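To start, the structure under review is shown below, and the notes come after it.
The values are calculated or read from the model by the stated rules, or taken from the named source; none is laboratory data. What you see is a predicted model, and the numbers here were worked out from it, not measured in a lab. As a convention, Cβ positions derive from the backbone with ideal geometry for all residues, glycine included, and neighbour counts pool all protein chains shown.
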Amino acid sequence: MKKDTRWEGVYSFEDSPFLIETLSDLREQDTDNIAFRKGLVRLGRYMGYELTKTMDFEEVEIETPLEATIGLKGKDRKNVLIITVLRVAIPLMEGLIKTLESARVGIVSASRGPAPDFDIKMDYIKVPKLKEEDTLIICDPMIATGSTLISVMRELKSCGMPKRVVVVGVIGAPEGIDAIKKEFPETEIYVTKMDRELNKKGYILPGLGDAGDRAFGEPVKVSLLPQMHNLE
Ligand SMILES: O=P(O)(O)OC[C@H]1O[C@H](OP(=O)(O)OP(=O)(O)O)[C@H](O)[C@@H]1O
Ligand SMILES: O=c1cc[nH]c(=O)[nH]1
Ligand SMILES: [Mg+2]
């Protein structure tokens with residue numbers, strides 16, 4: 001894990017050849033959606049493992065079949081709420097809960113409109129109770145303009161105040177990190193790699209293209225169904 005000195009509380013895993021090898025497969029344009037999803041699950045699993053190094057554990061007495069000894073029990077690991085930003089955070093979340101297996105999981109459906117406004121449409125949100133001892137992990141593989149995550153975090157404000165707010169992404173762009181840090185300075189951000197910049201259409205360079213389409217296929221129909229309103 002490497003601190004990015006441009007911001008407080010921002011880290012990448014560019015010092016991990018294994019994670020960067022996995023990211024390189026995702027970037028490769030010929031990688032199909034099966035391999036793409038598997039790569040995201042793998043990144044989630046190992047980034048989750050790295051994240052546990054920032055969490056509190058306590059020493060506990062345990063009895064082996066032969067004698068008493070001292071072991072560790074994760075305190076924070078039991079108090080995790082993961083927010084999955086549709087679509088492409090699904091495989092990343094699947095990886096994270098392999099390490100953070102007692103996590104509760106919330107879903108937010110968010111979609112970014114075209115340049116130059118990049119309007120965010122949030123259609124659906126379902127979030128379990130947020131406790132004050134929780135580590136709130138918001139996962140979304142791509143942090144481009146940051147607009148999606150900012151909209152999600154504004155919405156989550158009414159859910160309560162957790163112990164930590166952590167963003168887990170795969171690729172970040174400096175523009176998006178600046179925007180998030182400006183509005184939510186306390187948020188910790190962990191990405192596999194910080195990339196160079198955004199192009200005019202808001203895609204990250206060098207990036208990996210449209211992550212949702214690469215994981216799940218390019219949509220031919222995108223609409224808000226009327227029966228999705230006012231669900232309890
Ligand atoms: O930082 P931003 O500029 O807001 O862009 C990042 C967002 O773009 C992608 O989602 P997209 O809107 O393409 O939805 P999808 O996952 O359904 O393709 C990605 O998963 C992020 O949520
Ligand atoms: O590069 C980008 C930017 C936003 N969303 C993506 O899927 N890719
Ligand atoms: Mg997309």
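Annotation: of all residues in region 85-105 being assigned to a loop (DSSP other than H, G, I, E, B) and buried (at least 22 other Cβ atoms within 10 Å of the Cβ), the one that is farthest from ligand 3 (Cβ to nearest atom) is Leu100. Taking first residues from region 143-170 that are without any contact (Cβ under 8 Å) to a residue 24 or more places away in the chain and partners that are of a type in the set (Val, Ile, Thr) and in a loop (DSSP other than H, G, I, E, B), no Cβ contact under 9 Å between residues at least 6 apart in sequence or on separate chains turns up.
Could you list all residues from region 204-214 that are within 11 Å of ligand 3 (Cβ to nearest atom) and part of a loop (DSSP other than H, G, I, E, B)?
Residues satisfying the conditions are Gly209, Asp210.
Only one entry in Lys221, Lys182 is within 15 Å of ligand 1 (Cβ to nearest atom), without any contact (Cβ under 8 Å) to a residue 12 or more places away in the chain and under 29 Å from Val80 (Cβ atoms), namely Lys182. The condition of being surrounded by fewer than 18 Cβ atoms within 10 Å (Cβ to Cβ), part of a loop (DSSP other than H, G, I, E, B), within 16 Å of ligand 3 (Cβ to nearest atom) and modelled with pLDDT under 95 does not hold for Lys201.
I need the full set of residues from region 106-131 which are within 13 Å of ligand 3 (Cβ to nearest atom) and more than 17 Å from the chain's Cα centre (by Cα), in order please.
Matches in region 106-131: Gly113, Pro114, Phe118, Ile120, Lys121.
Considering Val170, Val165, Val191, the condition of being assigned to a strand (DSSP E or B), within 16 Å of ligand 3 (Cβ to nearest atom) and crowded, with 16+ Cβ neighbours inside 10 Å is satisfied by Val170 alone.
Please work out if Thr22 is part of a loop (DSSP other than H, G, I, E, B) and either of a type in the set (Ser, Thr, Tyr) or crowded, with 17+ Cβ neighbours inside 10 Å (or both).
no
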